[in-house]
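Beneath this line is the structure, given in structure tokens, with notes to follow.
What follows draws every value from the coordinates through simple rules; no lab data is involved. What you are looking at is a predicted structure, and each value in this text was computed from that prediction instead of being measured. Cβ: placed from backbone, ideal geometry, glycine included. Neighbour counts: every protein chain shown.
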Amino acid sequence: MNPTTQTFGDGTRIFHFLFDTIFIFILAYFLYQWYNFYVFYWGFYPVRFGAFFFLFTWVYTFLLESIFLRTPAKWMSGTKVVSEDGTRPNIGQFFIRACFRTMIISFFGLAWNGKPLHDTFSKTILVKKSK
């Protein structure tokens, strides 16, 4: 990775968390209501919203970051996810990243190593998207 590549800190990460969580909540709520139609009329297995929300969060994070290296919040801030060496992360890194992003304790990593746990364990960083 180029040593002059700009990395991003806490403020940008908090913006990503808040924007993506609100966006995920809205999408998950409408999909949950749609699913409940099938639960009510067709006898599908009912699922609580919390489980539905966390599953949707995992899928949202995994798919968008593995395909585009970004989520909508990262598009707005002009950032992307890369490996620590500056290359595209592999599928295992995206899997680990999505698993840790759905854990509430992910941001506790900021306290001792300056990176959230999803970056620490997946060995990824957040950098400015090149034009």
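Worth a mention:
- Our summary gives segment 10-128 a relative contact order of 23 percent, counting only alpha carbon pairs under 8 angstrom and 6 or more residues apart.
- Cα long-axis angle, helix 10-42 against the chain (0 to 90 degrees, to the nearest 10): 20 degrees
- Distance in nm between pseudo-label sites at SER83 and ARG48 (7 Å out along the Cβ direction from Cα): 3.9 nm
- From most to least packed by mean Cβ count within 10 Å, the peptides 108-120, 22-34 give 108-120, 22-34.
- Label point distance in nm, TRP34-LYS123, each placed 7 Å from Cα along Cα→Cβ: 3.8 nm
- Listed by Cβ neighbour count within 10 Å, with the fewest neighbours leading, GLU84, GLU65 appear as GLU84, GLU65.
- Residue-averaged 222 nm ellipticity for the chain, from DSSP H runs of 4+ at -39500 (n - 2.57), nearest 500: -20000 deg cm²/dmol
- For the chain, the longest principal axis of the alpha carbon atoms and the long axis of helix 49-68 meet at an angle near 40°.
- One Cα centroid belongs to segment 95-118, the other to segment 10-48; the line between them spans 21 Å.
- For the chain: Kirkwood Rh in Å [reciprocal of mean 1/r, alpha carbons]: 15.7 Å
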